[in-house]
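Values in this text are rule-based calculations from the coordinates and carry no lab data. This one's a predicted model, so the numbers in the text were calculated from it and none came from an experiment. Glycine also receives a Cβ, built like all others from the backbone with ideal geometry; neighbour counts cover every protein chain displayed.
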Amino acid sequence: MNFQFTEEQLAVQAAAREFAQTELLPGVIERDEQQKFPAEQVKKMGELGFLGMMVDPKYGGGGMDAVSYVLAMEEISKVDASASVVMSVNNSLVCWGIENFGSEEQKQKYLTRLATGEVIGAFCLSEPEAGSDATSQRTTAEDKGDHYLLNGTKNWITNGSTASVYLVFAQTHPEKRHRGINALIVERDMEGFVVGPKENKLGIRGSDTHSLMFTDVKVPKKNRIGEDGFGFKLAMATLAGGRIGIAAQALGIASGAYELAVKYSKERMTFGVLISQHQAIQFKLADMATNIEAARLLCLQAAYDKDTHQDYTKSAAMAKLFASKVAMDTTIEAVQVHGGYGFVKEYHVERMMRDAKITQIYEGTSEIQKIVISRELLK
Ligand code: CAA
Ligand code: FAD
């Protein structure tokens with residue numbers, strides 16, 4: 001693995017940092033408090049090319065590598081994890097799936113608009129009874145010849161109300177179990193599609209998480225991605241890459257909290273000295289920095305594996321498992337370094353602590369990452 005970033009990768013990192021500091025930082029506390037979706041900021045992210053970073057330029061994307069994507073995700077997540085989850089879902093779950101497995105017609109119709117951020121996508125796998133146990137899909141896509149009839153409910157869908165294009169997984173042949181699942185592209189205005197109320201969450205409160213209801217939604221057969229029954233494989237393959245994005249999000253939350261803790265420790269005096277002079281505080285900072293560096297290397301390893309066309313299932317799961325724990329541990333300690341000030345909103349670290357938790361849950365819980373890793377080790 002090359003530890004030297006290219007000029008292009010450094011430029012992407014600098015652009016993401018600049019965008020996060022100038023466009024995301026102002027108002028991040030209010031958006032969290034009011035559960036306000038960062039609509040204007042997401043629009044600008046599209047204009048700057050952050051929503052289709054790895055998509056081929058012929059479909060409107062940036063044609064960048066996964067390492068650049070990790071660097072950008074880290075910078076944006078340092079400031080606003082609600083904005084970075086929109087970026088992660090659009091890039092690595094929706095664009096990636098359509099680009100790698102969709103038909104040319106689907107790419108022309110949907111990918112070009114998703115990659116530029118003209119429209120936003122959502123990835124709809126989880127259901128009330130099928131989260132970790134994702135093969136137990138109850139949503140059905142009945143084959144009606146030239147179309148599918150879609151019925152069921154999806155839960156916890158990120159970009160639920162702001163998306164225009166939804167990748168929906170549904171069971172067509174229950175007797176074939178996961179091999180009977182299809183992936184369908186559903187448009188927001190298709191009849192029978194209803195978006196439920198927004199979830200009131202612990203963290204990433206600016207992101208819009210909704211349940212979705214489908215009642216006899218007619219989805220043209222040409223909107224199916226891949227062969228009949230390919231849907232579950234598509235979901236699993238897509239999630240392997242998605243986990244690199246969430247690992248980078250966790251890394252960003254951790255490094256954002258760490259930077260604030262260092263800064264604060266050099267400002268706050270107790271017992272006549274800066275708190276950074278107390279060894280207890282120094283050791284916290286040393287642990288944070290070491291863990292963050294290890295998480296960064298795992299994220300970059302997974303991105304490197306993806307860029308060099310190696311199997312990245314294990315490295316992505318390891319990166320997500322480790323970085324999400326580092327995010328949780330680091331943000332808790334960053335609050336501690338801030339003392340009482342860490343417990344109030346204006347110092348940011350309490351939000352980061354709340355945001356960190358989701359990285360251990362979505363795109364496969366930490367327990368699921370251990371299942372994925374151990375299966376890879378033992379196969
Ligand atoms: N690539 C391609 N195919 C894969 C794969 C991969 N990386 N991993 C598994 N598969 C295939 C298997 O080959 C198998 O197919 P065949 O039988 O045809 O060979 C099929 O998937 C089923 O695999 P398993 O038998 O391993 O299935 P399982 O029931 O034991 O479950 C699991 C495996 C890893 C636990 C899986 O269900 C899983 O990942 N669960 C977590 C779901 C998840 O991550 N959800 C996230 C939703 S999206 C989200 O959360 C977005 C967000 O927050 C922003
Ligand atoms: P469960 O599967 O019920 O798990 C409950 C607990 O049991 C967990 O600790 C889990 O790790 C553990 N567990 C379950 N099975 C095992 C096992 N075999 N071995 C050991 N432990 C086990 N989904 C989407 O499809 N698209 C999205 O955009 C999306 N965005 C989300 C946004 C938010 C804010 C949230 C909260 C969730 C989102 N999800 C999304 C859903 C998310 O992926 C699921 O919540 C997650 O996969 C866990 O599923 P579950 O909630 O049903 O928990």
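As a rough guide to protection, the peptides 129-141, 352-364 ranked by mean Cβ packing within 10 Å, highest first, stand as 352-364, 129-141. The residue 228 and residue 309 beta-carbon pair, evaluated with R₀ = 35 Å, returns a calculated FRET efficiency of approximately 0.80. In this calculation the C-beta distance from residue 221 to residue 361 is compared with R0 = 56 Å, giving a FRET efficiency of 0.95.
Work out how much length residue 11 to residue 294 would gain on full extension: take 0.36 nm times their residue separation and subtract the Cα-Cα distance, in nm to one decimal.
Contour length minus the Cα-Cα distance gives 99.6 nm.
Can you show me the helix-derived [θ] at 222 nm for the chain, built from DSSP H runs with n ≥ 4 at -39,500 (n - 2.57) apiece and divided by the number of residues, rounded to the nearest 500. Don't skip to the end; give the middle numbers.
On the way: 12 runs with 174 residues, N = 379.
After summing the helix terms and dividing by the residues of the chain, the value is -15000 deg cm²/dmol.
Angle between the Cα long axis of helix 349-358 and the longest principal axis of the chain, 0 to 90 degrees, nearest 10? Long axis of 349-358 versus the principal axis of the chain: about 30 degrees. Against the chain, whose longest principal axis comes from its Cα atoms, helix 313-338 is set at around 40 degrees. Remark: the residue 259-residue 105 segment gains 50.9 nm on full extension, using 0.36 nm per residue and subtracting the alpha carbon distance.
Label sites at residue 43 and residue 58, each approximated as a point 7 angstrom past Cα along Cα to Cβ, lie 3.2 nm apart.
Summing charges over neighbours of residue 134, with a neighbour being any other residue whose Cβ is under 15 Å away from its Cβ, gives +2 when K and R count +1 and D and E count -1. Note: relative contact order over segment 23-63, using C-alpha pairs below 8 Å and six or more positions apart, is 21 percent. Against the chain, whose longest principal axis is taken from its Cα atoms, helix 66-79 shows a tilt of about 60°.
Ranking 218, 306 by Cβ neighbours within 10 Å, fewest first, what do you get?
On the way: 218 13, 306 23.
Ascending number of Cβ neighbours within 10 Å: 218, 306.
A Förster radius of 45 Å, combined with the Cβ-Cβ distance separating residue 237 from residue 336, puts the computed FRET efficiency at roughly 0.65.
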